[in-house]
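Enquirer: One structure, pasted below without further comment.
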Amino acid sequence: MEPLRVDSLCLQLPDGTTLCDGLSFVIEPGEVLVLMGPSGSGKSTILGWLTGTLDARIRASGEVWLGKIRLTNLPVEQRRLGLMLQQDYLFPHMTVGQNLKFGLRGGSKSDRHKLVEKSLANAGLSGMVNRDPSTLSGGQRARVSLLRSLLSQPNALLLDEPFSRLDVTLREQIREFTWKAAAELPTLLVTHDIADVPQHANKLDLTTGNYASNASHGTIIRSTIINKTES
Amino acid sequence: MIRFTGVLLALLFCLPIAVGLFGTIIPATGLAPELAPGNGFSELFADPRFWPSIYLSLKTGIIATVLALLLTLLSLVCAHGTRLWHWLNGVLPPLLAVPHAAIAVGLLFLISPSGWLVRLTSPAVSGWTRPPDLWVIPDSGGWSLIIGLVIKETPFLLLAAAAQLPAVNVDAALRIGRTLGYAPARCWSRLILPLLYPRIRLTLLIILAFNLSVVDVAILLGPGNPPTFSVFLLSLVSDPDSRATASAGALVLAAGVAIVFCFVFVLEKIINHIASNRRESGQRGRALPYLRKSAQGVVALLLTVSIASVALLFIWSFTQRWRFPHTLPTNWTLNNWTARSGEFLSPMITTLLLAITTVLLAVSAAIAWLECERRGSVPQLDWLWYVPLLVPQVTLLFGWQAAALLTGTDGLWLTVAWSHWIYSLPYVVLILAVAWRELDPNWNNAAAVLGAGYWRILFKVRLPILVKPLCQAAAVALAVSVSQYLPTLLLGAGRHQTLAIDLVTSFGGVDRRVIAALAALQSLLPLIAFIAALVIPRIYTHRRVPV
């Protein structure tokens, strides 16, 4: 696995508001960087820029690299960045198994089926391969959604408040499942809930630009965040 | 009282459909020899025009529908999210307002040997100094009819599909699908279209039924020998001795449409089975930017042809002299409008009166029905409103004509207005239903606790909030009424000359400049209505904003 690196990211909304100016960071494999801040601070916009799905009206400059591969101008489908959103977006016209097979790359029909069944079993979802996604609980749906992302063999994982829609009782269970599943990937988590942040994570507050690192090795963060409360 | 109103409305709508069907079945089966002598089916099958006209109708109807569907899908896949998409959304509604017959006339001005396309390329590119005799319009293969139907029906299907995109969460599906590594076209084919298609299926079937049974466009753009099956039947129904044959033919047409529907359902099952297997294959596909650009070009070309067809109506209507191969008229005049204003006035007034009556009746009936539905006195019967649009017009109208002849109500203004109401009500109900059902019931509660009664809430709260869809529904009702040819012809008994009737009947025998003025006038009425539907809600809401 390779690190995910962002260099000198500047984002400006159509009304002229600057969300960030010269934001840079590196996320090593197995590390989690948490972007924190209230609604409107630009967390999801940064994620949109990383995946290449940013609204064309937003002005953006900067570079994103995955190891030695420059992702900045690659189409979304070639970036291989796994994405998990607030909603699980399980495709309603597919079964649970078909949703997962949709994420898989290559392999024979039987291999693909075995892999899907194994993944479901590992996630505590044995026997659900032919289930309609609408019959699953919120926690089960969240796990299937994450599995689908992981089965597409992403090189990094981007999480946009993936736990916010879950019941409070389910959140801890799904968080644990997520961090275990993403253990070897560079992971960027966007959230405004401090409880979502894993213990080993690096944190970046987009409102103040304050950076706190719990990483044992030095992840470089060099950023100028526009402090909205001051401006 | 409310339940009675709902039941009465449903009866007023359903009873005529039953009468129409029985009015066609009875003469066809020889049960009313005094009205329709002879054995309809044996005479029909013995007629040498039967099989060729059936073949032509099937060919033109199916090819036009398939092309309209393909172009719609192409527009969605290749243009969604681009500037072309925004342009399409702006241009499509006014194009939809232009009646079929008018756009057919405009198309003739565009693609005929002396049409604008040839003029644009002559003599510099083509070398022609006289109109070529390489093709004729209408052609014997029905291709001009197919083009005419495609340029009119594609915007209809595309708008219906565009309205459903938010419901299938298209942006999220594209985002998720692409981050999983799939090219945009694959995201559309595997994630979005399987959800979108069931939502536009009914619209597609309406278009299919229309294309298989259309009369006015087929008279203008279809071949004459053999004509399409509906035009062939129309030529029979005017002869009392052939009424049984015409009725039998109308039933054959309805059965044919039903069989094609079944074929569509079977095809859907097969495609769905294949697509389901392909979805699991995990093959990502490649982004094909050149193909995407080419497809955008095809969509833009289609739109350009539609706009050019409408523009040519207006250009020809102000033409005094336009010699081949000049690109534009050499002399312009207002005479085509002013000298004929007397001739145009009467059909225009009849058209307008019928349209206004239709709008008032259809909008009030739709409001009454939706209010009954909201208060739980009638069930949601959305499928019911589609019935007249799914049954070929000739099948219902031959029956209505027979019933009108028996009861002596043929030729009455009210009979014609009522037939226009039947054909516009489905659109009005379906447009209003979405907004009506989504309106937050708390508006009612808020007004009620302030002491407002039912009627005050309806007129002072609900209707003003829903002014935009009401105006849109009224504009659509007006456009539907203005374009009605067959109901006015068959039930009007020649006593009600509308612009649609004048345009079709005088086509071919009158100067093309006059035809252009008639078609332009027929297009102007719904266009004005659509502009009003955009402007009125803005004025209405703007006046509440303090300046």
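Enquirer: Given the conditions (1) more than 7 Å from chain B (Cβ to nearest Cβ); (2) in contact with a strand residue (DSSP E or B) (Cβ under 7 Å, 6 or more places away or on another chain); (3) at pLDDT 90 or above, and given that A:Lys43 satisfies all but one, which numbered condition is not satisfied?
Expert: Every listed condition holds for A:Lys43 apart from (3).
Enquirer: If you scan the stretch A:107-127, which residues turn out to be of a type outside the set (S, T, N, Q) and in a helix (DSSP H, G or I)?
Expert: A:Lys109, A:Asp111, A:Arg112, A:His113, A:Lys114, A:Leu115, A:Val116, A:Glu117, A:Lys118, A:Leu120, A:Ala121
Enquirer: Here is a further query. Among the residues of the stretch A:115-173, count how many are more than 21 Å from the chain's Cα centre (by Cα) and among the β-branched types (Val, Ile, Thr).
Expert: The total comes to 4.
Enquirer: May I pose another question? Could you grab the pairs with beta carbons closer than 6 Å, sequence gap of 6+ or different chains, first residue in the stretch B:431-451 and over 16 Å from B:Ile367 (Cβ atoms), second one not charged (D, E, K, R)?
Expert: B:Ala447/B:Ile457; B:Ala447/B:Val461
Enquirer: Filter the stretch B:262-316 down to residues that are of a type in the set (D, E, K, R) and within 14 Å of another protein chain (Cβ to nearest Cβ) and give me whichever is nearest to the chain's Cα centre (by Cα).
Expert: Looking at the filtered set, the residue picked out is B:Glu268.
Enquirer: Quick test for you: out of B:Leu212, B:Leu204, B:Leu221, pick the one residue that is over 15 Å from the mean Cα position of the chain (by Cα), under 21 Å from B:Ile146 (Cβ atoms) and away from chain A (no Cβ under 14 Å).
Expert: B:Leu221
Enquirer: Also: Search the stretch B:41-80 for residues being surrounded by fewer than 18 Cβ atoms within 10 Å (Cβ to Cβ) and charged (D, E, K, R), and hand back the single one that is farthest from B:Val264 (Cα to Cα).
Expert: If we take residues in the stretch B:41-80 being surrounded by fewer than 18 Cβ atoms within 10 Å (Cβ to Cβ) and charged (D, E, K, R), then B:Asp47 is farthest from B:Val264 (Cα to Cα).
Enquirer: Say we look at the stretch B:152-195 and pick out the residues that are farther than 25 Å from A:Val76 by Cα and among the charged types (D, E, K, R); which of these is nearest to the other protein chains (Cβ to nearest Cβ)?
Expert: B:Glu153
Enquirer: Can you tell me which residue among A:Leu81, A:Leu66 is touching a strand residue (DSSP E or B) at 6+ places or on another chain (Cβ under 7 Å) and away from chain B (no Cβ under 11 Å)?
Expert: One residue alone meets the criteria, A:Leu66.
Enquirer: Cβ-Cβ under 7 Å, sequence separation 6+ or interchain: first residue in the stretch B:469-490 and under 20 Å from B:Leu233 (Cβ atoms), partner β-branched (Val, Ile, Thr) and surrounded by fewer than 24 Cβ atoms within 10 Å (Cβ to Cβ). Which pairs?
Expert: Once the first residue is under 20 Å from B:Leu233 (Cβ atoms) and sits in the stretch B:469-490, its partners that are β-branched (Val, Ile, Thr) and surrounded by fewer than 24 Cβ atoms within 10 Å (Cβ to Cβ) give B:Tyr485/B:Ile501; B:Tyr485/B:Val504; B:Thr488/B:Ile501; B:Leu489/B:Ile501.
Enquirer: Any idea which of (1) within 12 Å of chain B (Cβ to nearest Cβ); (2) under 13 Å from the mean Cα position of the chain (by Cα) is the one A:Leu4 doesn't satisfy?
Expert: (1)
Enquirer: Hey, another quick one. Mind checking which residues of the stretch A:98-125 are more than 10 Å from every other protein chain (Cβ to nearest Cβ), without any contact (Cβ under 8 Å) to a residue 12 or more places away in the chain and more than 18 Å from A:Thr178 (Cα to Cα)? Walk me through it before giving the result.
Expert: So in the stretch A:98-125, the residues more than 10 Å from every other protein chain (Cβ to nearest Cβ) come out as A:108, A:110-111, A:114-115, A:117-125.
Subsequent filtering for residues that are without any contact (Cβ under 8 Å) to a residue 12 or more places away in the chain retains A:108, A:110-111, A:114, A:118, A:121-122.
Within the stretch A:98-125, A:Ser108, A:Ser110, A:Asp111, A:Lys114 qualify.
Enquirer: Answer with yes or no whether A:Lys114 is farther than 27 Å from A:Glu28 by Cβ, surrounded by fewer than 22 Cβ atoms within 10 Å (Cβ to Cβ) and not hydrophobic (A, V, I, L, M, F, W, C).
Expert: When the stated conditions are applied, A:Lys114 passes them.
Enquirer: Go through (1) in a loop (DSSP other than H, G, I, E, B); (2) surrounded by 15 or more Cβ atoms within 10 Å (Cβ to Cβ); (3) more than 9 Å from chain B (Cβ to nearest Cβ) and name the single condition A:Leu146 misses.
Expert: Answer for A:Leu146: the failing condition is (1).
The values are calculated or read from the model by the stated rules, or taken from the named source; none is laboratory data. Not measured: the values here are computed from a predicted model. Methodologically, a virtual Cβ is constructed for each residue, glycine included, from the backbone with ideal geometry; neighbour enumeration extends over all protein chains shown.
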